[in-house]
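We did not get these values from a lab; they are worked out from the coordinates using the rules stated. Source: prediction; values computed, not measured. Cβ placement follows ideal geometry from the backbone for every residue including glycine, while neighbour counts extend to all protein chains displayed.
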Amino acid sequence: MEIKKTSLNKLHQSNNAKFVEFAGYEMPIQYSKGIIEEHKFTRSHSGIFDVSHMGQLFIYGDESLTEELEKIFPLDLKNLKQNCSKYSFLMNEDAGIYDDLIITKIEEGYLIILNAACKDKDFEILSNLLSSKFKMNLDNNRSLIAIQGPKSVEILNSIINGVDQLNFMTGNWFDSDNQKLFVTRSGYTGEDGFEISISNDKAEKFVENLIEKGAQLIGLGARDTLRLEAGLCLYGHELDINKTPVEANLRWAISKSRLSNGGFIGSKKIMNQIQDGASQIRVGIKPEGRVIAREKTKIFNDTDKQIGEITSGTFGPSVKGPIAMGYVDKEFSKIDTKILLEVRGKKHPANVCELPFYKKNYVIGVN
Amino acid sequence: MSEVKFSKEHEWITLDGDVATIGITKHATEMLGDIVFAELPEKGSNVEKDGTAGVVESTKAASDVYTPVSGEVVDINQAIVDDPSKINDDPEGSAWFFKLKMKDQSEMDNLMNKEEYDKFAKESAS
């Protein structure tokens, strides 16, 4: 299959991107300054991320759409206000996660942002679950640009006036350069920031404009170190079809009102796990030394029994040390539990720790 | 001090008497990206030509470091273990990895000179 390119591919090339294939797309892993500089620049200034490979699924419908979606997602969508977003999951009957996603109520229905590697399957699953009367559009004509970091609000507001008035996890349509942009205040770095849905033919000029105002392009490499420091899950690593939201320690994302009556796909399993506890749970892990424990690193207790596995591990440029997340048996999931990580045949001491590794700077409310 | 030689695994080596100094090339560091972890062989241990003699990790991945010649490890560069970013800053100078007391100096013969290595690195990168 031919590798797909986003509308910013030429811009990445002219900014000396090193490319990798990610979910069938040619995506920049880094630019000339490298992952650590890009990571730090995002934390101190403003980083631009091309996330156009992600799915933008528009579903149009009336009140009955909300009812049908509540049979799928563990959310209180009836009480979700227009332009408000929620983090959620598409699950199977065993509460295994097909995908994690952000769903926003818009005037005409819902906008769901899906992972690149999952979006086509998600579309198929949702098409089968939802009545055919609802129009669904996995929109390939729109790019998705994230801008993250403390200077982002000032930079973006100078181009799209009014985005500074958005609260965290809300969005709205804005007019800019004779077109409608959908902007949400959200992100995946632990910083204040925005995601902008923009038509493909306007994306390059828009990003060039952001660069002119002082933001810089950031690759997927730094996106990974930033999200890991922020303690956020990456599908295919922390989350997959064999993990449930309870095991992933994400039960905060399940609306309380939905836990008593269930009625969404996977609800039985989730309610059982909340009552009885999951046998394994996702935790943050801080190695004591400098050694980096990467994905699939085995985790042991002090009597040489394997008690879990790392799902993501890297060097955190802002934390200035190695960090990881992984799943451990429930009895080892308490903060400060001593564990051992087997790297290249040697066991290295580490501790279960609180997430995030790096404290968030989200702007929660401006009005 | 001898002429700098290079291996296909992107190490450089110089010889002073029977003591070889070994590190990784600038080209290697550019391929690896930001180095955040380095592990070196133990002082006093013996390493074999083309065997592993350490590890470097970038933000992206771990890579083995090979030794282009055999010998006893007589010194290691603790400074790069304490601050691995030094490897990116000066890979072919102050950020050497380890020193070996060589047994068989003929092991140097098949290594590349600078010109040959530059050509090799350019070809292997494309």
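Values for this structure:
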read-out: Net charge of neighbours whose Cβ lies under 12 Å from the Cβ of A:Q82, counting Lys and Arg as +1 and Asp and Glu as -1; value: 0
read-out: Sorted by Cβ density within 10 Å, fewest first, the residues A:H39, A:H45, B:H27; value: A:H45, B:H27, A:H39
read-out: Filter on A:K4/A:K180; A:K121/B:K122; A:K81/A:K269; A:K5/A:K346; B:K26/B:K49 - keep pairs with C-alpha separation over 31 Å; value: A:K121/B:K122; A:K5/A:K346
read-out: Length-normalised contact order of the stretch A:258-331 in % [C-alpha pairs under 8 Å, at least 6 apart]; value: 32
read-out: Ratio Rg/Rh, restricted to the stretch A:84-129 and using Cα atoms, in which Rh is the Kirkwood radius; value: 0.97
read-out: The protein assembly as shown - Rg and Dmax from Cα coordinates, angstrom; value: 25.4, 84
read-out: FRET E, pair A:K133, A:H237, Förster distance 30 Å, beta-carbon r, rounded to 0.05; value: 0.25
read-out: Centre separation in Å (Cα based) which lies between the stretch B:47-70 and the stretch A:207-286; value: 36
read-out: Qualifying lysines (Cα of each under 19 Å from Cα of A:K133; at least 8 residues distant if same chain); value: A:K71, A:K105
read-out: P(r), alpha carbons of the stretch A:43-83 - 10 Å bins starting at zero, rounded %; value: 20, 37, 23, 18, 2
read-out: Descending semi-axes in Å of the stretch A:251-353, equivalent ellipsoid built from Cα gyration tensor; value: 31, 15, 11
read-out: Calculated log₁₀ intensity ratio I(q)/I(0) where the Debye formula runs over C-alpha points of the stretch A:126-257, q = 0.14 Å⁻¹; value: -0.81
read-out: 15 Å beta-carbon shell around A:A146, net charge (K/R +1, D/E -1); value: 0
read-out: For the stretch A:56-138, Kirkwood radius (reciprocal of mean inverse C-alpha pair distance, Å); value: 12.7
read-out: For B:E39, A:E354, B:E9, B:E123, order by how many other beta-carbon atoms lie within 10 Å, fewest first; value: B:E123, A:E354, B:E9, B:E39
read-out: Whole-number D in µm²/s for chain B (Stokes-Einstein; Kirkwood sum over Cα pairs; 10 °C, 1.306 mPa s); value: 111
read-out: Local electrostatic count, A:V328, Cβ distance below 9 Å [Lys/Arg +1, Asp/Glu -1]; value: -1
read-out: Simple spin-label estimate for B:E9 and A:D175 in nanometres, 7 Å along Cα-Cβ; value: 6.5
